[in-house]
1. Which one of these does ALA419 not meet: (1) surrounded by fewer than 21 Cβ atoms within 10 Å (Cβ to Cβ); (2) touching a Pro at 6+ places or on another chain (Cβ under 9 Å); (3) closer than 18 Å to LEU625 by Cα?
2. Considering (1) farther than 24 Å from CYS62 by Cα; (2) among the hydrophobic types (A, V, I, L, M, F, W, C); (3) part of a loop (DSSP other than H, G, I, E, B), say which one LEU10 fails and leave the rest.
3. Among the residues in the stretch 29-52, are any among the basic types (Lys, Arg), farther than 22 Å from PRO303 by Cβ, part of a loop (DSSP other than H, G, I, E, B) and touching a residue at least 24 places away in the same chain (Cβ under 8 Å)?
4. Return only the number of the condition from (1) within 16 Å of ARG492 (Cβ to Cβ); (2) among the hydroxyl-bearing types (Ser, Thr, Tyr); (3) free of Cβ contacts under 8 Å to residues at least 40 places away in the same chain that THR544 does not satisfy.
5. For the stretch 547-568, which residues satisfy the criterion of being touching a residue at least 60 places away in the same chain (Cβ under 8 Å) and in contact with an Asp or Glu (Cβ under 7 Å, 6 or more places away or on another chain)?
6. Within the stretch 346-369, identify whether any single residue is more than 22 Å from the chain's Cα centre (by Cα) and buried (at least 21 other Cβ atoms within 10 Å of the Cβ), and answer yes or no.
7. May I ask you to list the residues in the stretch 381-402 that are within 29 Å of the chain's Cα centre (by Cα), more than 16 Å from GLU622 (Cβ to Cβ) and outside any loop (DSSP other than H, G, I, E, B)?
8. Which one of GLU622, GLU684 is of a type in the set (D, E, K, R) and more than 30 Å from GLU539 (Cα to Cα)?
Amino acid sequence: MTRDPRYDILFEPLKIGPVTAPNRFYQVPHCNGMGRIYPNAMVGMRGMKAEGGWGIVCTEQCDFYASGDASPYAETNMWDGGDEIYLGRMCEEVHKHGSLAGIELVHNGHDTPNLYSREIPIGPMHRPMNWSLAPIQARAMDKQDIRDYRRAHRQAAIRARDIGFDMVIVYAGHDGTVPSHFLAKRHNQRTDEYGGSLENRLRLFRELLEEAKDAVGGDIAVTVRFAVDEMMGPDGLEWHAEGREAVEMLAELPDLWDVNVSDWDNDSKTSRFAPEGYQEEYVTFVKQVTTKPVSTVGRYTSPDAMVSAIKRGIVDLIGAARPSIADPFLPRKVEEGRIDDIRECIGCNVCVGWTQMTAPARCTQNPTFSEEWRKDWHPETLPPGDENEHVLIVGAGPAGLEAARAAGLRGYRVTLAEAEEKLGGRVTRESALPGLSAWARVRDYRVGQIQKMTNVEIYRASRLSAEQVLELGADHVAVATGATWRRDGYGRHLTSPVPGSGAAHVLTPDDILAGLRPPGGKVLIFDDDHYYMASVIAELLSTTGYEVNLATPLATIGAWMVNTLEQGANQERLLESGVTLMPNTTLLAVEAGQVSLHDSVRGHDTEHKADSVILVTSRTPEDGLFHAVQQALEATPATGVRTLRRIGDCQAPGIIATAVYEGHRYARELGEEVDPVDVPFRRERHVIEPAKV
């Protein structure tokens, strides 16, 4: 296949200062939980983006000064000599495929905990740090501090050039850098030449940009990453006021304007709360006030939307973080005319969630992300398997679909049996909930890929017994029959059944997903899961006329969504939908027409009216078929079945990303002797200094 001519503009080279990007696909800086902690993994991941056709591939934020230590977050750093070893390797991997390598220099200012360096944080004012409740306070930068900071930034730009980077990014965004702190009136109440007017508050950003250009501007591109709107109204930058004025003041200084909104929660909104290209309305003005190239992000997954953004004069480059994670080969697929093969980002922010937990990121759509070096997993190619061997996969949810797709790619003869008429399992059911329609892409991508394979057969409405599994005569059997929500309230906080939980008016998410609705008008949802499920069910019921109370033992509703950057938006949506929020509240008992609750703040029990109760606590694997087949094999070993595995939620209930990963892992490991005691991946090793004599 060849490229559709309507996408030609995406592959036009673009001059950015002294360098030229080979196309318009720009992998903007994005965190990944690897960085300096797992540098080989980081290098492998960035190199894969370049192989996949991203014309510019950047680091995550790179702290360049010991007083800007981002620990415990696994970012890159460049404080002195030694860091060039792994940063240089990243440049080599990116250059190998003809792409440009960019580095984002950062100092997180008064938000920097300096947990490793133990240096005193610095910023425009004396103030406590914001990123944690640690008893740490930043010192207001005096003139010498500012000079030292500028000198460190200039040295970092020179070091970046010498390492081999083609582009250095001066970063003033996400309310998390020294330049953005100086620019914000709420953070900067100085009375010297760095405070007061917009020109003064912008002074440090201008100096960093001018000094970087003076130092390296003749050799590499010097660009900016800048938030034009902080989504705070008059209390922060607004695109039509100071945001625009700031861009106008610096219009021709950088070689590229990479613009977005702030803070990170707004910049990386999930698909539940923002559509593709949602930042365009805030950044449209930028190309009107500068002649330099412009880029923005907005979770662009459709090449048609990318072309539209360029042709409408909004941007010159398509910036992407999450879409480049979901499909590192997105540009290559567009170029080769394989649009249907694009693995579109679903906008769930699971990648962000694991990064927030300081762990290597993962992706719901791309199970190979973070495993490029660790397990030598390529997102597009798998080692060939034995085409004469037959693989039976029972269950076509996310784990079963991915296992069938990957095993089919390896050449195995695959039979996929699904008990229901519809494929997709929990993905199909959950994508019907409010705001989660994009999650259906997990199913649609895999079904579309499988339908191209002649060696994979799908049987719908085919619920198999253990006897039927054995009769099919497969060499390998994988059971992916999913999990069900518990009906007794057992979860994180309650470790024994809730009295009354067996009543008919007590439901679970499975009931709601199956189309059942609670009896009566007053509903209490008890959430001990702390992710999205309780909230989206609450929104669904409240907007269809129910009076909904959402109770949780924690102080925050949907607490884990802090990691996916959507807890605030989720809580706002619930309140807008009319849901009554009840944090610090534990369910004690269910009775007819009411529930007993415990308020942990006030320390007393209360009675609350409720016609029905929905328990969102924990799930139990549906592993009955697995154990039945296992017992049958033990009783009759000579069946021809060589391996039996359970995968996905059938093995251990988790998020959809885990199910996809385990399905992919199953297919990868087919034909291998895997010792469960062995470490199943390459480990990063640290060099130990010789002992002092």
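1. (2)
2. (3)
3. Looking through the stretch 29-52, at least one residue is among the basic types (Lys, Arg), farther than 22 Å from PRO303 by Cβ, part of a loop (DSSP other than H, G, I, E, B) and touching a residue at least 24 places away in the same chain (Cβ under 8 Å).
4. (1)
5. The answer is PRO553, LEU565, GLY568.
6. no
7. Those that are within 29 Å of the chain's Cα centre (by Cα), more than 16 Å from GLU622 (Cβ to Cβ) and outside any loop (DSSP other than H, G, I, E, B): LEU401, GLU402.
8. One residue alone meets the criteria, GLU684.
The values are calculated or read from the model by the stated rules, or taken from the named source; none is laboratory data. Since we're looking at a predicted model, the values are computed, not measured. Positions of Cβ are backbone-derived with ideal geometry, glycine not excepted, and every protein chain shown enters the neighbour counts.
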